[in-house]
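Contents: one structure, followed by commentary.
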Amino acid sequence: MIDREPIKFAAHLIQGEEKISIEAKYASKFSLLIRFLNGHKADPGSEFSKLVFSKNGEEIKIGPCQYITEPKKNGYQGRIVFSQDVYDLNSLFFEDKLEKLQAEFFNLPLILAHKDDIEKCFREYTANLNYDLNVYKNLFDCLDARYADEPEVIKQHVQDAIIETEGRKFMTFLDEKLEEFEDIIINYSKKDHERHGYYLRKQLWTFIMCSPFMTRTNLKPRGYSGDSVMMKMIYDNKYEGNSTFGKLMHKHPSEHPAAQAVRNRRDIITKMLSKVKSTDMKTSSKKIKVLSVACGPAFEIQDVLTTAEDCSRFHFTLLDQDATALSEAASQLTQLEKKLGTKIEVEFLNESVRTMLTTPKLDKMWGQFDYIYSMGLFDYLTTPVAKAVIEKLYQTLNIGGKMAIGNFHISNPSRFYMEYWLDWVLYYRTEHEFIDLLKNVPSAGTKVLFEDTGSQMFLQVRKYDN
Amino acid sequence: MNNSIEFDVKPDWDEIEKVRNESADFLQSHELSDDTIHSLSMIISELIENGLKYGDFKTEGNKVVVIINVATNMITVEVLNPVDESAYEHLSKLDKTIQWIRGYQDPFEAYIERIKEVSKKPLHDMESGIGLVRIAYEGNALLDFFVAENNMLNVSVVSNLEKGDRVSS
Ligand SMILES: Nc1ncnc2c1ncn2[C@@H]1O[C@H](COP(=O)(O)OP(=O)(O)OP(=O)(O)O)[C@@H](O)[C@H]1O
Ligand SMILES: [Mg+2]
């Protein structure tokens, strides 16, 4: 917590050759309250070239600044404000940083120049799209305004009708624009994609910000894409947003194949776990030990555990780097326990997969698990890391145990939509590259399956006795 | 021709220049363009520098290991260094930083954000913290890392070889 105790200190104001003693007090982000010492008098509006004081033994000189008077405030005569370079006094006093407000402009030339290598036809495409989106947004906003005074229920019905008619047509328009876009960028290099994606987002930012879906993928408030809020949006696949236009811009990406693939994989995992219970481990008296790696909110567990009997058969270990996601998972499971009137055996590990290999907690789990799955993780791991992680997971399987790992395929039809519009980049693999991750583990039986959209693969692994 | 090469780097700052030159020779033998070699050399130096700065060299014989692999359309550089508990705080910063950089489609965004931060002058000397961002932006490469069971940190970079990255194309 930042300590906001009133900060008082001795300082000098420099005016020409003169050094004027004052007492100053932190007053706000951009002003100081001051009192002149030794009976000095200054006119309102007086300019000083520098404010000088010492902070933690270091001399700070900032300015120029101006004196503004104010009705007497606890003995202070007025305030000092900066007249050219504006310094952030919160940063200075509470974060120990000397930060000029204008520093935001520091990168201006770089940013302006970043558009220089944009291809002409891409520029044209973006300009046309920008125009069209403005037209659509205006029309939808105008309609919204016309039924704004209706009662809530009626508003809802009117909006639904608009969405079902002109709304769906707009979504088809977006599909067509995406096809056109893919034709333009097809031969771009990695660097070209990056640069053109940045350009597109800058140009279409206001439209992106209308969509809760796109806003979240772009801003990544928890520091990574695909957090639990995002997952929920994808699973819900509803019209969310503050306007009809916003709702459509939200629904469009959540209907796209990659989002459908995320919904599909939830079913696939549920079926796989149910199968382990009903066939592989049917006669076993032991609990089925399951590890979910990068589990997120683990909504799928609610689909797996539908009866008290189910709960008695499973033991879950949920690992994630995000403590918030784990506590969401925990509270879901607590509710489920209440609903089913039974206990669910679950352990939580708040670890990053990249550092988990060293944790003693995981060492205790060697050869422990009957089933391991990881869905939204390998899409972020480059080959050296993916190899190390998958080998370690394999070690924690018991003989006869199985593992299912998800990874989006290089041909994901949503790939460039995600990269350019959503600022959501995955590490894509071919089937061959995926299987190759386990090539140092000869005892592993592997095969690759696809879910229905064909955009996501599952590496299914069985551990054999070697 | 060998596709991989490995260097042992003693914990000594002067070693960086040596490995830089030797790895440049290796990359040259794979007919990579001067620009590609130049940016890979920058990447290798930044990673070794970090390895030396944050690694654990209290035990005699501890060293940084550099492994370079050139495949048909991809180059991988791995830099390994031993870590002890005192590095854990750094590992979590490394984790956050890498995920943050890779959260942008265009590493340019991470680069300008970082430069802006650096321009807000901290009153006390702090690390400039620009190394990894440079690797992603100027080096056009994907960063990742893991810590192996033997407490060896492995920071890696993969970089696609595209048209123009080789001399012959
Ligand atoms: N080999 C490493 N071991 C442990 N932590 C590391 C390692 N490399 C980087 N880090 C962590 O990641 C942070 C960011 O690294 P980066 O190279 O970008 O900046 P820096 O080394 O602090 O400064 P600069 O490279 O500009 O001199 C480091 O400050 C450190 O906390
Ligand atoms: Mg560094």
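The values are calculated or read from the model by the stated rules, or taken from the named source; none is laboratory data. Note that this is a predicted model, so its numbers are computed, not measured. Heads up, the Cβs are rebuilt from the backbone with ideal geometry, glycines too, and the neighbour counts pull from every protein chain shown. Accessible surface areas use protein heavy atoms only, side chains included; no ligands, DNA or RNA. Shrake-Rupley method; radii C 1.70, N 1.55, O 1.52, S 1.80 Å.
P(r) tail for chain B, what percent of Cα pairs lie past 23 Å?
Numbers: 5749 of 14196 pairs.
Beyond 23 Å sits 40 percent of the P(r) for chain B.
Report the full-extension gain for the segment A:E58 to A:Q156: residue separation times 0.36 nm, less the Cα-Cα distance, to one decimal in nm.
Numbers: separation 98, 0.36 × 98 = 35.28 nm, distance 6.20 nm.
Contour length minus Cα-Cα distance gives 29.1 nm.
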Fill in the blank from the handout: With the convex hull built on the alpha-carbon atoms of chain A, volume per residue in Å³ sits at 241
Exercise for the section: Return a whole-number percent for the relative contact order of chain B, with Cα pairs under 8 Å and 6 or more residues apart as the contact set. Expected result: 27
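Just to make sure I understand: if all protein chains stay in place, what is the order of B:K163, A:K402, B:K53 by accessible area at 1.4 Å, largest first? Intermediate results must be reported in sequence, preceding the final value.
On the way: B:K163 190, A:K402 50, B:K53 85 Å².
So, going from the largest accessible area down, we get B:K163, B:K53, A:K402.
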Completion exercise
On the formula 1/(1 + (r/R0)^6), with r taken between the Cβ atoms of A:A10 and A:D85 and R0 of 25 Å, the FRET efficiency rounded to 0.05 is 0.65
Fill in the blank from the handout: On the formula 1/(1 + (r/R0)^6), with r taken between the Cβ atoms of A:S284 and A:E255 and R0 of 30 Å, the FRET efficiency rounded to 0.05 is 0.15
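Find out how many positive minus negative residues lie around A:R266, taking Lys and Arg as positive, Asp and Glu as negative, among other residues whose Cβ is under 9 Å from that of A:R266. Could the numbers behind the result be given before it?
Details: positive: A:R263, A:R265; negative: A:D267, A:E300, A:D303.
Cβ neighbours under 9 Å give a net charge of -1.
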Problem - Within the accessible area of chain B (1.4 Å probe), percent carbon and sulfur - result: 48
Problem - Loss of accessible area when B meets A, both sides summed, Å² nearest 100, probe 1.4 Å - result: 4000
Fill in the blank from the handout: the range A:136-152 and the range A:298-340 have their Cα centres apart by a whole-number Å value of 42
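For the range A:34-191, rounded, prolate or oblate, judged on the Cα gyration tensor with a ≥ b ≥ c (square roots of eigenvalues), a/c < 1.5 rounded, else prolate if a/b > b/c? Intermediate values should be presented prior to the final figure.
Working: a/c = 4.05, a/b = 1.93, b/c = 2.10.
Judged from the Cα gyration tensor, the range A:34-191 comes out oblate (a/c at least 1.5, b/c at or above a/b).
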Exercise for the section: Would you mind working out the magnitude of the charge dipole of the protein assembly as shown relative to its Cα centre, with +1 at each Lys and Arg C-beta and -1 at each Asp and Glu C-beta, to the nearest 20 Debye? Expected result: 1700
Completion exercise
Label model pair A:I186, B:D12: point-to-point distance (7 angstrom along the Cα→beta-carbon line) in nm is 5.7
Problem - Projected label distance in nm at A:W205 and A:L112, using a 7 Å step from Cα toward the beta-carbon - result: 1.6
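With +1 on each Lys and Arg Cβ and -1 on each Asp and Glu Cβ, how big is the dipole of the range B:4-165 about its Cα centre, in debye rounded to the nearest 20? Provide the component values of the computation, followed by the final result.
Working: 15 positive and 31 negative charges, 102 e Å.
Roughly 480 debye for the range B:4-165.
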Practice task
Would you please state the base-10 log of I(q)/I(0) at q = 0.11, 0.25 1/Å for the range A:8-105, with intensities from the Debye formula using one equal scatterer on every alpha carbon?
Solution key: -0.29, -1.56
Handout entry: A:R146 versus A:K343: modelled label distance in nm, points set 7 Å from Cα along the beta carbon direction
Key = 6.2
Practice task
Mind grabbing the accessible area of A:T306 for me, 1.4 Å probe, Å², rounded to tens?
Solution key: 80
Practice task
Could you please state, rounded to a whole Å, how far the C-alpha centre of the range B:97-117 is from the C-alpha centre of the range A:198-237?
Solution key: 17
Practice task
Taking the Cα centre of the range A:110-255 as origin, sum charge times position over the Cβ atoms of Lys and Arg (+1) and Asp and Glu (-1), and report the length of that vector in debye to the nearest 20.
Solution key: 600
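Need one number: % antiparallel among DSSP beta bridges in chain A, to the nearest 5.
Working: 49 of 70 bridges.
So the antiparallel bridges amount to about 70 percent of the total.
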Practice task
Run the 1.4 Å probe and let me know the accessible area of B:L40, rounded to the nearest 10 Å².
Solution key: 10
Problem - Number of partner chain Cβ atoms within 10 Å, mean per residue of A:345-358 - result: 4
Exercise for the section: Would you mind telling me the share, in percent, of accessible area of chain A contributed by carbon and sulfur at probe 1.4 angstrom? Expected result: 52
Problem - Most positive-pole-ward Cα, A:Y26, A:L13, A:A103, against dipole of the range A:8-105 from beta carbon charges - result: A:Y26
Completion exercise
The aspartates and glutamates whose Cα lies under 20 Å from the Cα of A:K387, excluding any fewer than 8 residues away in the same chain, are A:D320, A:E351, A:D363, A:D379, A:E431, A:E433, A:D436, B:E6, B:E78, B:D95, B:D144, B:E149
Completion exercise
So the angle from the long Cα axis of helix A:190-208 to the longest Cα principal axis of chain A, reported in degrees to the nearest 10, equals 70
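Hey, what's the protein assembly as shown come to in accessible area per residue, 1.4 Å probe, Å²?
Numbers: 30020 Å² over 635 residues.
Ligands and nucleic acids excluded, the figure is 47 Å² per residue.
So what's the range A:193-309 giving for Rg/Rh, alpha carbon basis, Kirkwood Rh from the mean inverse pair distance?
Reported Rg/Rh, Kirkwood definition of Rh: 1.12.
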Completion exercise
Looking only at lysines whose Cα falls under 19 Å of A:K287's and that sit 8 or more positions away or on another chain, we get A:K271, A:K275, A:K277, A:K343, A:K364, A:K402, A:K463
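By its C-alpha gyration tensor, with a ≥ b ≥ c as the square roots of the eigenvalues, how is the range A:317-466 shaped: rounded for a/c under 1.5, else prolate for a/b larger than b/c, else oblate? Please list the in-between numbers first.
Values: a/c = 1.68, a/b = 1.16, b/c = 1.45.
Because a/c hits 1.5 or more and a/b fails to exceed b/c, the range A:317-466 counts as oblate.
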Completion exercise
Ignoring ligands and nucleic acids, A:C142 exposes an accessible area, probe 1.4 Å, in Å² to the nearest 10, of 80
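Return the calculated 222 nm mean residue ellipticity for chain A, to the nearest 500 deg cm²/dmol, obtained by summing -39500 (n - 2.57) across DSSP H runs with n ≥ 4 and dividing by the residue count.
Details: 16 runs with 188 residues, N = 466.
Calculated at 222 nm, the ellipticity per residue is -12500 deg cm²/dmol.
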Practice task
Using a 10 Å cut-off on Cβ to Cβ distances, tally the other chain neighbours for every residue of A:92-99 and report the average as a whole number.
Solution key: 3
Problem - Solvent exposure ordering (accessible area, 1.4 Å, most first) of A:E240, B:E22 - result: B:E22, A:E240
Completion exercise
Computed curve, the range A:110-255, Cα-only Debye sum without solvent term, log₁₀ I(q)/I(0) at 0.14, 0.18, 0.19 Å⁻¹, is -0.77, -1.16, -1.25
Exercise for the section: Work from the charge dipole of the range A:263-308 (Cβ charges, +1 for Lys and Arg, -1 for Asp and Glu, about the Cα centre) and give the residue of A:L291, A:Q302, A:M281 farthest towards its positive end. Expected result: A:M281
Exercise for the section: Over the whole of A:261-270, what's the average partner chain Cβ count within 10 Å per residue? Rounded to a whole number, please. Expected result: 0
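May I ask you to order A:57-63, B:67-73 by the average number of other C-beta atoms within 10 Å around their residues, highest value first? Please list the in-between numbers first.
Details: A:57-63: 12.6, B:67-73: 15.3.
Result, highest mean first: B:67-73, A:57-63.
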Completion exercise
Of A:D43, A:D192, ordered by accessible area with the largest first and a 1.4 Å probe, the sequence is A:D43, A:D192
Exercise for the section: Would you kindly state how much longer the chain becomes between A:H40 and A:I68 on full extension, computed as 0.36 nm times their sequence separation minus their alpha carbon distance, in nm to one decimal? Expected result: 8.6 nm
